[in-house]
Amino acid sequence: MAKIKFIAADGTETEINAENGTSLMVAAVNNGIKGIVAECGGACSCATCHVIVDPSWYGKLTPPAQLEKDMLEFAAEPSETGRLSCQIPVTDALDGLVVTVPSAQY
Ligand code: FES
């Protein structure tokens, strides 16, 4: 279990308890985080689960695979610390993670 903070585009902060073994995207959707569209259901083929990882956390995550890097090129509001939340597995190591949800997903 990891406590994860989502910051919406309007600055609203929501903290959730994410179960280990799921993805950050599934945890967000299950907890009603707005702005995580996840059109492809986690298949790494849509980029609508894009989040911007707090820079202090980015290097602590498992690096993105090539497919994720390719898909990130289609993400709205690209960022150097952008990730696809469906490609981030939840573990205890994510406890305290902070991510921002972009104002749009496409
Ligand atoms: Fe489609 Fe993550 S849900 S890429």
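The values are calculated or read from the model by the stated rules, or taken from the named source; none is laboratory data. Since the structure is predicted, the reported quantities are computational estimates derived from the model, not experimental observations. With ideal geometry, Cβ positions are generated from the backbone for all residues, glycine too; neighbour counts draw on all protein chains shown. Heavy atoms of the whole protein, side chains included, go into the accessibility calculation; ligands, DNA and RNA do not. Shrake-Rupley method; radii C 1.70, N 1.55, O 1.52, S 1.80 Å.
Within segment 38-57, being open to solvent by less than 80 Å² (accessible area, probe 1.4 Å) and either on the phi > 0 side of the Ramachandran plot or in a loop (DSSP other than H, G, I, E, B) (or both) holds for A38, C40, G41, G42, A43, C44, S45, C46, A47, T48, C49, D54. Restricting attention to segment 58-70, the residues that are open to solvent by 30 Å² or more (accessible area, probe 1.4 Å), more than 13 Å from the ligand (Cβ to nearest atom) and in contact (Cβ under 8 Å) with a residue 12 or more places away in the chain add up to 3. Count, please, the residues in segment 92-106 that happen to be open to solvent by less than 60 Å² (accessible area, probe 1.4 Å) and out of contact with any strand residue (DSSP E or B) (no Cβ under 7 Å at 6 or more places or on another chain). Number satisfying all stated conditions: 1.
A quick yes/no check of all residues on (1) of a type outside the set (G, A, S); (2) under 18 Å from P102 (Cα atoms):
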position: G11; (1), (2): no, yes
position: E15; (1), (2): yes, yes
position: E19; (1), (2): yes, no
position: T22; (1), (2): yes, no
position: C40; (1), (2): yes, yes
position: V51; (1), (2): yes, yes
position: Y58; (1), (2): yes, yes
position: L61; (1), (2): yes, no
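Within the bounds of segment 19-27, is there any residue that is touching a strand residue (DSSP E or B) at 6+ places or on another chain (Cβ under 6 Å) and either in a loop (DSSP other than H, G, I, E, B) or charged (D, E, K, R) (or both)? No, that holds for no residue. The sole residue among E13, E19, E77, E73 that is at positive phi and open to solvent by 30 Å² or more (accessible area, probe 1.4 Å) is E77. Take the conditions within 14 Å of the ligand (Cβ to nearest atom) and either more than 17 Å from Y106 (Cα to Cα) or open to solvent by 30 Å² or more (accessible area, probe 1.4 Å) (or both) and apply them to P89. Does it pass? In short, yes.
Taking the criterion of being more than 8 Å from the ligand (Cβ to nearest atom) and either touching an Asp or Glu at 6+ places or on another chain (Cβ under 9 Å) or not hydrophobic (A, V, I, L, M, F, W, C) (or both), the residues of segment 30-49 that qualify are N30, N31, G32, K34, G35.
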